Amino acid sequence: MSRYNDDSHYTALRGDYMTPPAMYEPILQYFKRSEFDIDVCCTKPNIPAKKHFTKEIDGLKQDWDGLIFCNPPWNESKKWVQKAVETLKTNRNLTAVFVLSSDKMYIQYMQDYFVKNPHAAFLIIPKKQGFIIPDKPDEPPVPSVGTFIGFISRDAALIASDLNYYNPFGTACFQGVKPYEHKTSEQMTLFGAA
């Protein structure tokens, strides 16, 4: 049985759900934009963006630049987040916005790419959220999953600070941190902590 309690609706095996406006409109408002530069992973254009990379175009093979949006199939999200992290190393202009499952926070790539990454900011939307079913776009989304919104950007500290101030999602936004490096006893002596 699906989360919608009806096998004709939601199934985790499906990877083409579309993001409802309540998830992306606050982000566009924050960036003072009417559209993203690119929706890099879409079923069909439903996110306001200058470019839309559908499955046929394969956003993983394209260049990413500017303010991009990505709601990938959640079972394939690692490679999409990894592309943003790798792209940011050479393209300081990139700000990638991800919509992912909040149930995956314990997975290593989520820890590495968000929690332990100072170029990441993230939040978990309160309450379960629903997504748009492509062949039933007029049906309202039925809340069914915990949702994580993550940012990969050189401006992660500012994004986290601003989103905490403006609080458009009614929750705290966190910046990733560089992992703590254990000090040897010799190093601790240098810091006067031995």
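No value in this document is a laboratory result; all are computed from the given coordinates. Because the structure is a prediction, the values reported are computed rather than measured. Cβ sites come from the backbone with ideal geometry, for glycine too, and all protein chains shown count toward neighbours.
Sort M110, M18 so that the residue with the fewest other Cβ atoms within 10 Å of its own Cβ comes first and the one with the most comes last. Ranked by crowding around the Cβ, least crowded first: M18, M110. Taking R0 as 22 Å, what FRET efficiency do you get between K50 and I107 from their Cβ-Cβ distance, rounded to the nearest 0.05? The value I calculate is 0.10. Would you mind checking the range 74-94 for residues with the amide N under 19 Å from a putative spin-label position 7 Å along Cα→C-beta of D16? Inside the label zone: 74-77. Remark: W80, W64, W74 ranked as W74, W80, W64, counting other beta-carbon atoms within 10 Å and listing the fewest first. By the count of neighbouring beta-carbon atoms within 10 Å, fewest first, D16, D58 end up ordered D58, D16.
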